[in-house]
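The values are calculated or read from the model by the stated rules, or taken from the named source; none is laboratory data. As the structure is a computational prediction, the values presented were derived from the model and not from experiment. Cβ coordinates were reconstructed from backbone atoms using ideal geometry, including for glycine residues, and neighbour counts include every protein chain displayed. These area figures cover heavy atoms from the full protein model, side chains too; ligands, DNA and RNA do not enter into them. Shrake-Rupley method; radii C 1.70, N 1.55, O 1.52, S 1.80 Å.
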Amino acid sequence: MNPTASGRIPVAEPPRAASGHIARTLGLPGGKSLELGLRPCVMGIVNLTPDSFWEGSRKPDPRIAADTALAMLAEGADILDFGAESTRPGSAFVEEAEELSRLIPALRAFRKVSNAPVSVDTRRAMVAKAALDEGADIVNDISALADPGMAEAVAAMRAAIVLMHMKGNPATMQQNPEYADCAVEVAEFLAAAAVRALGAGIGRDRIILDPGIGFGKKLEHNLDLLRRLYLETSLGYPVLVGLSRKRVIGELTGRAVPERMAGSIGAACAAWAGGADILRVHDVAATRDALDLFAACVPQMPVPKTGEAVR
Ligand code: HH2
């Protein structure tokens, strides 16, 4: 780029929040949108399952699930993530019909009372399609488009997608996963997944990347991903991190799942400081407060506005 007459270089970067996060608008169906980057975005986990790894998150009754989602909204969630299949290590296979029968009634019950952004945690294109028809906005695909037809279903509805990295599948993924360079390999995988999504017609403003904490990763891999999150954030898309109450918290604190809230909140703040835009959490109220305080208290960097010249 040529220096300007003043000897300064024009900045052609997107606007950045004081935290260094890029301010972006996430496009959603029906003209809806969600602002990312200006403050931490909290995704509340609504598990419509009988077997999720955190017992306190299990809400198999659709009305209780919808009420839980509403309560999370009141506590400060920006997105509600409805999931009908546990993907914890070693989890049982769930038939498509079973996944649908757990998901759709809860989604319908929630949509009767709220238009808030909803994501659906599914690997199946047919389930995603049914959920988008019921008013879901985002597909949270932990397999990053493995099911043929997923990308097309999302593109057709102008929905957003979370592309997550997973090594192997939930049944076997924690059986000694190995990487030569975990954070680099995950970034390469996510970059390729984003290209596939774009190729299928999903808008650039509708893609979110997720390194997949705990999905085929040992402690050293999870920490590498969190410490070098810039490899993911520099790909040019918003980044989601989910580490709420996961094994990595237990390995560092020695605590069982019910006692992992404080550790999870500390890690969520660190992930946001590392560049994550969206934090997927079980404990919305406490995480919202912690993230807001953390974001308010970190040193504020002077940031050039778009097009403003810097030395
Ligand atoms: N983690 C879980 C499920 N879905 N999706 C994304 N994008 N990122 C994650 O880290 C992620 C995810 C596991 O958490 P949970 O849903 O509480 O557990 P379970 O799969 O046992 O229901």
Go through the residues of region 100-113 one by one and say whether even a single one is more than 30 Å from G76 (Cβ to Cβ), small (G, A, S) and assigned to a helix (DSSP H, G or I). yes
Just wondering, is there one or more residues in region 71-91 that are open to solvent by 60 Å² or more (accessible area, probe 1.4 Å), of a type outside the set (A, V, I, L, M, F, W, C) and without any contact (Cβ under 8 Å) to a residue 40 or more places away in the chain? no
Regarding region 56-64, can at least one residue be identified that is under 22 Å from M173 (Cα atoms) and touching an Asp or Glu at 6+ places or on another chain (Cβ under 8 Å)? no
All but one of (1) more than 13 Å from F215 (Cα to Cα); (2) more than 16 Å from the ligand (Cβ to nearest atom) hold for E178; state the number of the condition that does not hold. (1)
If we keep only residues of region 252-281 that are crowded, with 23+ Cβ neighbours inside 10 Å and of a type outside the set (G, A, S), then the residue nearest to the ligand (Cβ to nearest atom) is R280
What do you reckon, is D141 within 16 Å of the ligand (Cβ to nearest atom) and in contact with a Pro (Cβ under 6 Å, 6 or more places away or on another chain)? no
For region 95-106: of the residues being crowded, with 17+ Cβ neighbours inside 10 Å and within 16 Å of the ligand (Cβ to nearest atom), which is nearest to A65 (Cα to Cα)? A106
In region 237-269, residues that are of a type in the set (S, T, N, Q) and not in a helix (DSSP H, G or I) total 1
Among the residues listed as G201, G242, the single one being modelled with pLDDT of 95 or more and away from the ligand (no atom under 13 Å from the Cβ): G201
Tally the residues that are of a type in the set (D, E, K, R), open to solvent by less than 70 Å² (accessible area, probe 1.4 Å) and either in contact (Cβ under 8 Å) with a residue 60 or more places away in the chain or on the phi > 0 side of the Ramachandran plot (or both), restricting the search to region 22-70. 2
